[in-house]
Amino acid sequence: MAAPSAAGLAWRLRAWLPRLSQVRGSRYNPSFLEPEVNKELYQKPWEELSEEEREKLELKAVQPIKAAPPTVSSSVFSDPMISKFTNMMMKDGNKVLARSLMAQTLEAIKRKQLEKYHKAPEDEKETIECNPYVIFHQALKNCQPIIGLSSITKGGKTYQVPVPLKDNRKRFLAMKWLITECRENKNRRMLMPEKLSQELLQAFNNEGPIIKKKHVLHKMAEANRAYAHFRWW
């Protein structure tokens, strides 16, 4: 009787062998604790801490703790949204340049808003926002579309079907539109921080080409609402 081949054995053993999934290994022992970068937890008085928080602090005093990844920071200036925007703006891996451009953009926004603040009358000064981080987040929120278009082929024809967008897709489109507008439609004598600060301030006030682009996308989705049922085909 001929010996079974390797392929035949694999097929026979497949029925009763447990399904194994690849698990990524870690350099740390399971006893290592996760790092805590929230400074407010350490600044709380001991009397105000809950029982669970007290147990965690007591464990961290005797158990080893994992090293914090480079993407996590306890700095008050650390902002994950600005870090994401900086990574999207980066070209050829030159992150130092991207960070410098982002810092100059925030500085330009601060200078423009302070100049506007000092020139404004007393009754209007309270309505002027001077924090560049607040302006950046509000401008990004104003640029996010609610609904988008997806190409779906049905019966040999391709239809642009309106679909609701997830939060990650909304943020991605807003950042992509801002960066593309600053790179392609700026004056050759205008620097990137100056153009980006100008676009962010316009988007903060619900003005500018990015807001117009969002409205055009919404109008196209409204015009193609007859094909909305193709989402479930």
Only one residue in Ala203, Ala226 is hydrophobic (A, V, I, L, M, F, W, C) and either surrounded by 12 or more Cβ atoms within 10 Å (Cβ to Cβ) or in contact with a Cys (Cβ under 6 Å, 6 or more places away or on another chain) (or both), so which one is that?
Ala203
Residues of the stretch 8-60 being touching a Ser or Thr at 6+ places or on another chain (Cβ under 7 Å) and modelled with pLDDT of 75 or more, which ones?
Val37
If Ala223 passes every condition in (1) under 21 Å from the mean Cα position of the chain (by Cα); (2) farther than 21 Å from Ile109 by Cβ; (3) of a type in the set (A, V, I, L, M, F, W, C) but one, which one does it miss?
(1)
Test Cys143 against the criterion of being in contact (Cβ under 8 Å) with a residue 60 or more places away in the chain and either within 22 Å of Trp232 (Cβ to Cβ) or not basic (Lys, Arg) (or both), and give yes or no.
yes
Can you pull out every residue in the stretch 208-228 that is without any contact (Cβ under 8 Å) to a residue 60 or more places away in the chain and either outside any helix (DSSP H, G or I) or β-branched (Val, Ile, Thr) (or both)?
Gly208, Val216
Leu165, sole failed condition from (1) in contact with a Leu (Cβ under 7 Å, 6 or more places away or on another chain); (2) closer than 25 Å to Lys214 by Cβ:
(1)
Right, Lys95: within 21 Å of Lys176 (Cβ to Cβ) and open to solvent by 70 Å² or more (accessible area, probe 1.4 Å) or not?
yes
Lys60 is checked against (1) open to solvent by 50 Å² or more (accessible area, probe 1.4 Å); (2) in contact (Cβ under 8 Å) with a residue 12 or more places away in the chain; (3) over 30 Å from Phe204 (Cβ atoms) and fails just one. What number does that condition carry?
(1)
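The values are calculated or read from the model by the stated rules, or taken from the named source; none is laboratory data. Fair warning: this is a prediction, and the values are worked out from it, not measured in the lab. When we count neighbours, we look across all protein chains shown, and the Cβ atoms used for this are built from the backbone with ideal geometry, even at glycine. The protein model used for the area step is the full one, side chains on, heavy atoms only, and it has no ligands, DNA or RNA in it. Shrake-Rupley method; radii C 1.70, N 1.55, O 1.52, S 1.80 Å.
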